[in-house]
1. At residue 334 and residue 182, where each label point lies 7 Å from the Cα along Cα→Cβ, what is the point-to-point distance in nanometres?
2. Under the classification rounded if a/c is under 1.5, otherwise prolate if a/b is larger than b/c and oblate if not, where does the range 140-193 fall, given a ≥ b ≥ c as square roots of the Cα gyration tensor eigenvalues?
3. Starting from the Cα gyration tensor of the range 116-259, take the square roots of the eigenvalues, sort them a ≥ b ≥ c, and report rounded, prolate or oblate (rounded when a/c is under 1.5, otherwise prolate if a/b is larger than b/c, else oblate).
4. Go ahead and run the numbers for FRET between residue 352 and residue 48, Cβ-Cβ distance against an R0 of 35 Å, rounding to 0.05.
5. Please give the length that would be gained between residue 242 and residue 304 if that part of the chain were fully extended, namely 0.36 nm times their separation in residues minus their C-alpha to C-alpha distance (nm, one decimal).
6. Plugging the Kirkwood radius over Cα pairs into Stokes-Einstein for the range 193-341, at a temperature of 37 °C and a viscosity of 0.692 mPa s, what D comes out in µm²/s?
7. What is the fewest-to-most order of 225, 39, 49, 365 by other Cβ atoms lying within 10 Å of their Cβ?
8. Could you tell me which of rounded, prolate or oblate describes the range 76-200, using a ≥ b ≥ c as the square roots of the eigenvalues of the alpha-carbon gyration tensor, with rounded for a/c under 1.5 and, failing that, prolate when a/b is larger than b/c and oblate otherwise?
């Protein structure tokens, strides 16, 4: 039996090596989705294989007292086998990415609560209730978790105990995911402003007014500059220390959900005008633009080979850093969620196709939406760990690499 399984695995591996093309589906999880789930990658089991945290998972659907369907709001899947490690059910769906900080998973639910779960077991560590829904993801740093709400407030909670440290009130709802950088928390609001607060005290450092609301395009901080999109169809670059405008770039559509990502000297973002843009990070000048079939809501993931994003046209795109199409895959459904990268694999989910794991040969993960946190520095550090694992694999003796591939199939 063992010989048979080994032979089968060896045949599959040879077939993949001979016929595999970038964008090939390696695994397809067909669990019924709940809305458009978000995927965060981490090693939950300690076996040096990336595991999956996904929101919107539905294992045993049920209904609440008002007749609305509920589901396991966040689930952990083993990255090697795809089996379910644990699931946690809140009283409402979770529209944001699971945020991983130290040994906990933090999520915000439509039931108006923030949850801290043990990363290995899914057991509740604490809950914190607020008076309004939460649309974005949480961010963490400096011993705190940060989250915005539709009650116009940004909350800072003690990551260990869940106690409120401070809250700051804007004039309209806060649906963006905060970015944490250099003891400062950055977030956008529907009141048209980008805010910078002291992470310890919640005191306002500065705010910058854009020409329209800032919806769910969340800020990204890179080398002392904050990048954020607005409903006024502009992408802004703001000095993180002073709050002064460095440049802005106009697209032909809303920058509604896609958050900017910085790679080397490029800033990448998608727009509702159907175009994906690459801009010079210093000047804001257009380097290139790629047209898709519909609006782009997802935040791109980036590797050394290029950029990856979904579109409302039902396709998943892979471009190189010169803006040329490498490949695309029809995933069906108007996906809003962003892809996640790990070593040579890509995880992406759509409302109709479920969760897909794809193959693509790249050597370095630059951005993987780890924790849904648009703080570029922390995510790069986590991605570097994946790069180290891949480097160790590539330097191994070739029979060892072959055996690793075969074992991973079972």
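None of the figures in this text is laboratory data; all of them are computed from the coordinates on show. The structure presented is a predicted model; accordingly, all values stated were derived computationally and were not measured. Cβ sites come from the backbone with ideal geometry, for glycine too, and all protein chains shown count toward neighbours.
1. Going from the residue 334 label point to the residue 182 one covers 3.9 nm.
2. Here the range 140-193 falls in the oblate category.
3. Prolate is the answer for the range 116-259, as a/c is 1.5 or above and a/b outweighs b/c.
4. 0.60
5. Contour length minus the Cα-Cα distance gives 19.1 nm.
6. Translational diffusion coefficient: 213 µm²/s.
7. 49, 225, 39, 365
8. It comes out prolate by the Cα gyration axes.
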